[in-house]
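The structure under discussion appears below in the form of structure tokens.
The values are calculated or read from the model by the stated rules, or taken from the named source; none is laboratory data. None of the values given here were measured: they were computed from a predicted structure. Quick reminder, even Gly has a Cβ in these numbers, built from the backbone with ideal geometry, and neighbours come from all protein chains shown.
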Amino acid sequence: MAYRNKTYICFDADTDMWAYKFMKGWKNNDNIDFDFHDAHDLNNLRDGSKEETIKPKLRERMKNTKIFMVLVGDKTKNLFQFVRWEMDIALEMDIPIVAVYLNESKTRDNNVCPPIIRDELVLHIPYKQAAMKWAIDNWIAARKRHRDNKDTGPITLTDSLYKELGI
């Protein structure tokens, strides 16, 4: 079994690449307290690769993943070839999922939330650095507590936690 220490970032590469690049920038900036082990650093994918080549490599990345973040933009819920497939694999592999809303919604936004994760035990947060850092650092343990309490369905952070995070 692979050592699971990576954060898998799932997003619409056509329209939401900017959000992923910001995350990489925060990670690489010594003045910002934001770090994650990017699953995308594993095995190289080339532009123009075919689906039957890409999906096994993505699955291999997920075998090394401890937390799955989907950057939810305007088109995310309509992407099936890879984005929905990635979420389906994360659910199948029981990887903790965080839905990160690029519109900065603090709750599940049914207008953009992919239906496959809408009613699952998923943390829904805004695209804010402090909330994302909290999720990377704390969602795995918090999700376990929710499961132990028999909680199901969407989870959001409390107003007091948002205040503590400066959001």
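Among residues of region 130-157 being at pLDDT 95 or above and of a type in the set (S, T, N, Q), the one that is nearest to Asp16 (Cα to Cα) is Thr156.
With respect to the conditions (1) polar (S, T, N, Q); (2) more than 20 Å from Leu58 (Cα to Cα); (3) touching a residue at least 40 places away in the same chain (Cβ under 8 Å), Thr76 lacks only one, and its number is (2). Summed over region 122-151, the residues that are within 20 Å of Met62 (Cα to Cα) and surrounded by fewer than 17 Cβ atoms within 10 Å (Cβ to Cβ) give a count of 5.
With respect to Ser49, is the statement that it is among the hydroxyl-bearing types (Ser, Thr, Tyr) and at pLDDT below 80 true? Let's see the steps before the verdict.
On the way: among the hydroxyl-bearing types (Ser, Thr, Tyr): yes; at pLDDT below 80: yes.
Yes; evaluated as a whole, the condition is true for this residue.
Residue-level analysis places Ile116 outside the set of residues that are of a type outside the set (Phe, Trp, Tyr) and in contact with a strand residue (DSSP E or B) (Cβ under 8 Å, 6 or more places away or on another chain).
For region 58-94, the candidate set comprises residues that are of a type in the set (A, V, I, L, M) and touching a Cys at 6+ places or on another chain (Cβ under 8 Å); within that set, the residue that is surrounded by the most Cβ atoms within 10 Å (Cβ to Cβ) is Val72. Only residues that are touching a Leu at 6+ places or on another chain (Cβ under 6 Å) and closer than 16 Å to Phe68 by Cα were counted across region 136-167, and they come to 2.
Hey, among Ile136, Ile97, Ile116, which residue is within 15 Å of Tyr8 (Cα to Cα), of a type in the set (A, V, I, L, M) and in contact with a helix residue (DSSP H, G or I) (Cβ under 9 Å, 6 or more places away or on another chain)?
Details: Ile136 fails: in contact with a helix residue (DSSP H, G or I) (Cβ under 9 Å, 6 or more places away or on another chain); Ile116 fails: within 15 Å of Tyr8 (Cα to Cα).
Within the list Ile136, Ile97, Ile116, the selection yields Ile97.
Given the condition of a type in the set (Val, Ile, Thr) and modelled with pLDDT of 95 or more, answer yes or no: does some residue in region 122-129 qualify? Looking through region 122-129, at least one residue is of a type in the set (Val, Ile, Thr) and modelled with pLDDT of 95 or more.
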